[in-house]
Amino acid sequence: MLGRMTISRDGTALELPASRKLLALFAYLTLAPRAVARSQLCELLWDVPNDPRGALRWCLSKIRRVVDEPQRQRVQTPSDAVQFDLSDCFVDVIEVLRATEAGIENLAVERLRALSQLFNGEFLEGLEIDRAPAFNGWLTAERRRFRSCHLALLEHLVERLTDEEALEYLDQWLQLAPFDRRVHERLLKALVRSNRIREAQAHLDATTQAFEVEGLDVAPIREAWRVARSDPNAVSEVSVVSSSPAAVDTALIVASGSRRASIAVMPFVDEAVANSHAHGSALAHDVITRLAQLRSLFVIAQGTVFALHARRIGPEEAGRMLNVDYVVSGSVRRDAARLIVAVELAETRTARIVWAEEFRHAPDDALVVLDEIGNRIVASIASEIETMERNRAILKAPNSLDAWEAHHRGLWHMYRFTKSDNERAVHFFEMAVGLDQTFARAHAGVSLARFQNAFQGWEDRERETDLAYEAAGRSLMVDDRDPAAHWAMGRVLWLRGRLDQSVGEHERAIDLSPNFAMGHYSLSFVQAQGGDPHAAIKSSDSARVLSPFDPLLFGMLGTRGLALARLGRFEEAAEWAVKGATRVNAHPHMRAIAALCLALAGSLEEARQHVAAIRKVLPDYKLDAFFGAFQFGPEDSAMFRKGGKLIGLV
């Protein structure tokens, strides 16, 4: 399917039917992840013929003659749907997708070569269908996807080969992505190291002219040329994102060491549906604005991505032109009953889809619905990228980390909630600060790790509280508009017993970024103990909606349990607290919340099981440790002490 479609058996090419719609149907079903309804297939390919289902049946009968055998029925029709079972067949596109999902960066050179040789042209070359906009839209999207996979294969192959071996693949890369800055940098470097200076100079001149015609910044490529000429073994790292006239120049950001993961959000479109462009553009604008408010990512400006979109540059190509780490793309469409938004987050350099989701809502109030969907998209993107960056950082040698990576290595350790891991977290956060004093989130990380030392009783509470306060203050001085800085300060003010000021800092964090899930959670944590329990429940729910797979999900559930217990709703409290306590990384204090709520609900045996689980880890754990961590008023303290006495937690 990478080129013109061919099917072979035992090495012999089979004669295919002449019908283009039949081949299109075959291709669509080959890549479908599950059975497809016949009605959907009819809408995909037939422009209201007299008998679309009859046409579909005819196509399927012809396909069966090609792929089915007496003992092997590959075309299956469960219920009123159709699916292919090609598990015993070799399909080039499926091989490529499997490699991408497994991680191209982990493949051996020979495997990379073999996969790159599967590309004999663009996906389903020449298979456009007249008056089939839905199929042609799918075809365009799949062509972009496989072009991105091809580019990722070539890039990783080039990195592993000698200069002479790489030149062949660099040429292919250049043809596919003529405005990808990295291919020009690598080609210039390879030519210089092969002593082909004249060719390199000619390439630079041609590239300069092409970039200037397109209004793109050629300065990073010129810098790569300068570095290659002065030291052929050096690597030029001028900027994370090559800027265009509408983009922010990031050279100074990287020069100062403040590297952040970068992202481009393309307009959400579905050209087959009228009026979707307005909604798609509005949603993209909203997502860009909200991601920027988080202050944790470098977000490409709206003007740049909209200008690229206007030139019909797809998300994958735009990601490479802008040299960003991640690209968000999607579509908005409406039918009679629903507004449907599909969105995906992809890694630019590996062509891996990191996250994908489809949101369906009744279109009663499109603007309200888009606002809710925007909230969920932004929180999901931020969470998925943080997870990816943490996992990537933990695999690198500690002495090779930059400030961004050291910060995420610290997060990886901190979220394990053990004393030894928290010590490692402090080490890596302080490493990040040492590498970049202007990195606000690194200072906030130090504060939060020190907070954990105080809250868990791992170190002297007063000393660790003071250190956490100092670090939070430095984070605010570096960037007063970073919601994480206010989050960190809010946590420390709670440690110091300054409830009103703590609530104020958390509310400031949420005002700066309504999608900052940790701000909502931490506000719930504070309100659940000494503030408004109803507000605590609302904040906990907001945090879980924004970040349903968060590493601090156990806390979101546990604080909801505390708030319900303070309202006297003990059975509900126990249900939520147990959900939190049974999360994999829940610490003993969360188990104690579950035990106390169960005791107050009258489930004494189950409560004692949680006490036993706590004492396997902390044999001397008692109510004094619980009250040493949390802060309740006199009435609530008496209530929890009553529960503790019922189960021997004294």
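The values are calculated or read from the model by the stated rules, or taken from the named source; none is laboratory data. What you see is a predicted model, and the numbers here were worked out from it, not measured in a lab. Neighbour counts are summed over all protein chains in view; Cβ atoms, including those assigned to glycine, are modelled from backbone coordinates with ideal geometry. Surface areas here come from the heavy atoms of the whole protein model, side chains and all, with no ligands, DNA or RNA. Shrake-Rupley method; radii C 1.70, N 1.55, O 1.52, S 1.80 Å.
What is the distance in Å between the Cα centres of the range 420-459 and the range 282-341? With the range 420-459 and the range 282-341 each reduced to a Cα centre, they are spaced 33 Å. For the chain, the Cβ-based charge dipole about the Cα centre amounts to some 1120 debye (Lys, Arg positive; Asp, Glu negative; other atoms uncharged). Which angle from 0 to 90°, rounded to the nearest 10, does the C-alpha axis of helix 366-394 make with the longest principal axis of the chain? Helix 366-394 sits roughly 90 degrees off the main axis of the chain. For the chain, the fraction of 1.4 Å probe accessible surface lying on carbon and sulfur atoms is 50 percent.
The gain in end-to-end length when the ARG20 to ASP620 segment is fully stretched comes to 208.6 nm, 0.36 nm per residue minus the alpha carbon separation.
Checking the Cα-Cα distances for LYS419/LYS622; LYS616/LYS645; LYS419/LYS538 against a 26 Å cut-off, the pairs over it are LYS419/LYS538. Using just the C-alpha positions of the range 296-367 as equal point scatterers, what log10 of I(q)/I(0) does the Debye formula give at each q in 0.14, 0.21 1/Å? Computed log10 I(q)/I(0) values: -0.54, -0.96. Expressed as a whole percent, the proportion of Cα-Cα pairs in the range 112-151 lying more than 14 Å apart is 50%. Highest mean packing first, where packing is the average number of other Cβ atoms within 10 Å per residue, the peptides 447-454, 426-433, 546-553 line up as 447-454, 426-433, 546-553. For the chain, the longest principal axis of the C-alpha atoms and the axis of helix 403-414 are separated by about 50°.
Note on SER194/ASP68: beta-carbon distance plugged into 1/(1 + (r/R0)^6) with R0 of 51 Å gives a FRET efficiency of 0.45. Taking one quarter of the surface of the convex hull spanned by the alpha-carbon atoms of the chain gives a direction-averaged projected area of 33.6 nm².
Comparing Cα centroids, the range 95-112 and the range 490-551 end up 43 angstrom apart. In the chain, the longest principal axis of the Cα atoms and the axis of helix 499-512 are about 10 degrees apart. Computed over the range 74-230, the P(r) tail beyond 22 angstrom holds 55 percent of alpha carbon pairs.
Temperature 20 °C, viscosity 1.002 mPa s: under these conditions the Stokes-Einstein estimate for the range 152-208, based on its Kirkwood radius over C-alpha pairs, is 191 µm² per second.
Each peptide in 484-495, 88-99, 218-229, 406-417 receives the mean, over its residues, of other Cβ atoms within 10 Å, and ordering these scores from highest gives 484-495, 406-417, 218-229, 88-99.
Working note: Karplus 6.51/-1.76/1.60 with θ = phi - 60° gives the range 576-593 the couplings 6, 5, 5, 4, x, 5, 8, 5, 4, 9, 5, 8, x, 4, 5, 4, 5, 4 Hz, where Gly and Pro are set to x.
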